[in-house]
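I have placed the structure first, in the form of structure tokens, so that the comments after it can refer back to it.
A short reminder: the numbers here are calculations on the coordinates, not readings from a lab. Quick caveat: nothing in here was measured; it's all calculated off a predicted structure. Cβ sites come from the backbone with ideal geometry, for glycine too, and all protein chains shown count toward neighbours.
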Amino acid sequence: MTATNLKNRNSNWTISDIPNLDGKTVFITGANSGLGYYTAKALAEKNAHVVLACRTLEKANSALHKLKSLNPEGKFTPIELDLADLNKVSEIGSKISTEFEKLDLLINNAGIMHPPKTLSPQGFEIQFAVNHLAHMLLTLKFLPLIEKQKGSRIVTVTSGAQFFGKVGWNNLKAENYYNKWESYANSKLANVMFALELNEKLEQKHILSLAAHPGIAKTNLFSAQKPKPNPIEIFSLELFSPIFQSAEMGALPQLFAATSPQAKGGEHYGPKFNFRGHPKLSPASPFATNKKERKSLWEKSMEILSNFL
């Protein structure tokens with residue numbers, strides 16, 4: 001595709017370009033803040049029924065009340081979803097599958113970044129567990145619902161950190177060492193690899209799997225870090241603050257992937273200038289386009305998740 005065609009496809013796309021979503025059901029993880037909140041807000045304003053999946057029911061209800069104050073006619077369902085525990089993810093996947101007739105759109109948005117060394121209840125490094133394993137499990141549990149609707153979409157949110165990720169997947173329990181930056185990058189690489197591999201598996205079923213990244217957006221991922229960033233990290237954040245974009249702008253690539261008729265399965269969207277700007281088709285990590293490496297990640301992940309499906 002030529003640069004001109006790319007520009008024409010999604011130049012200066014905004015939420016005003018989202019089509020009417022009346023009758024559509026959307027499930028968003030991490031919908032109480034940042035990218036997830038603004039994604040939920042935009043989709044509800046276009047008449048979608050939005051399931052607000054948050055770590056606690058308190059957070060989900062808080063988001064619900066805030067969104068309802070802005071959009072009294074909006075249709076929302078709050079759900080407690082602890083992505084750190086694969087058992088709980090599996091339970092919610094089964095619960096939603098019995099309570100909902102269909103699912104038109106799944107947005108794997110939630111994530112954690114740079115925590116101290118922490119293991120999930122199943123013993124996996126927490127960033128890989130939450131950012132990748134939990135979302136892959138949730139997606140696979142939802143597939144029967146998603147497959148009921150031709151043209152349904154699955155959007156997995158990644159990050160520019162994917163370009164610093166490493167393949168191999170031989171330190172998933174941080175048993176050899178722990179580097180918070182590397183573990184985060186690996187989880188974000190896994191996100192885009194999963195999205196692209198899933199699209200190939202679903203292509204014949206006319207379901208789209210896409211990836212999106214927000215560039216550098218001001219979300220609560222930075223403020224939620226525990227312990228707080230060290231002085232050098234704080235200085236770096238302040239230094240680069242002028243190029244950060246708002247969480248509302250950062251949500252545009254995933255909204256484009258989720259709703260635009262121009263978006264295609266197996267594609268990856270990001271801001272126009274990578275750090276900030278309107279959404280555009282964006283290159284993914286070379287590892288993500290390597291089918292052998294994607295297959296390796298898929299098989300390793302399925303070994304882990306098979307007991308929870």
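Hey, could you get me the Stokes-Einstein D for the stretch 36-126, Kirkwood radius over alpha-carbon pairs, 10 °C and 1.306 mPa s, rounded to whole µm² s⁻¹?
In µm²/s, the coefficient is 110.
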Q. What nm distance separates the two modelled labels at Lys300 and Glu91, each placed 7 Å from Cα along Cα→Cβ?
A. 2.9
Q) In straight Cα distance, which lysines are under 21 Å from Lys59, not counting same-chain residues fewer than 8 positions off? A) Lys41, Lys68, Lys75, Lys88, Lys95, Lys218, Lys226
Q. Which entries of Lys205/Lys291; Lys188/Lys280; Lys148/Lys292; Lys180/Lys201; Lys141/Lys280 show an alpha-carbon separation above 23 angstrom in the structure shown?
A. Lys148/Lys292; Lys180/Lys201; Lys141/Lys280
Q. What net charge is computed for the residues neighbouring Ile92, neighbours being all others with C-beta under 13 Å from the C-beta of Ile92, Lys and Arg scored +1, Asp and Glu -1?
A. -1
Q. Taking amide hydrogens as modeled 1.01 Å from N in the peptide plane, which residues meet the under 5 Å criterion relative to Leu52, leaving out close sequence neighbours?
A. Thr77, Ile79
Q) Tell me, what HN-Hα J-couplings in whole Hz come from the Karplus equation 6.51 cos²θ - 1.76 cosθ + 1.60 at θ = phi - 60° for each residue of the stretch 92-98, using x for Gly and Pro? A) 5, x, 5, 4, 5, 5, 8
Q) How far apart, in nm, are two points set 7 Å out from the Cα along the Cα-to-Cβ line at Thr14 and at Asn307? A) 5.1
Q.
Please give the charge dipole size of the chain, origin at the Cα centre, charges +1 on K and R Cβ atoms and -1 on D and E Cβ atoms. Round to the nearest 20 debye.
A. 440
Q: Pop a pseudo-label 7 angstrom from the Cα along the beta-carbon direction at both Lys75 and Thr56 and give the gap in nm to one decimal.
A: 3.0
Q.
Using a 7 Å offset from Cα along Cα-Cβ at Gln122, what residues in the stretch 76-91 end up with backbone N under 20 Å from the label point?
A. 80-91
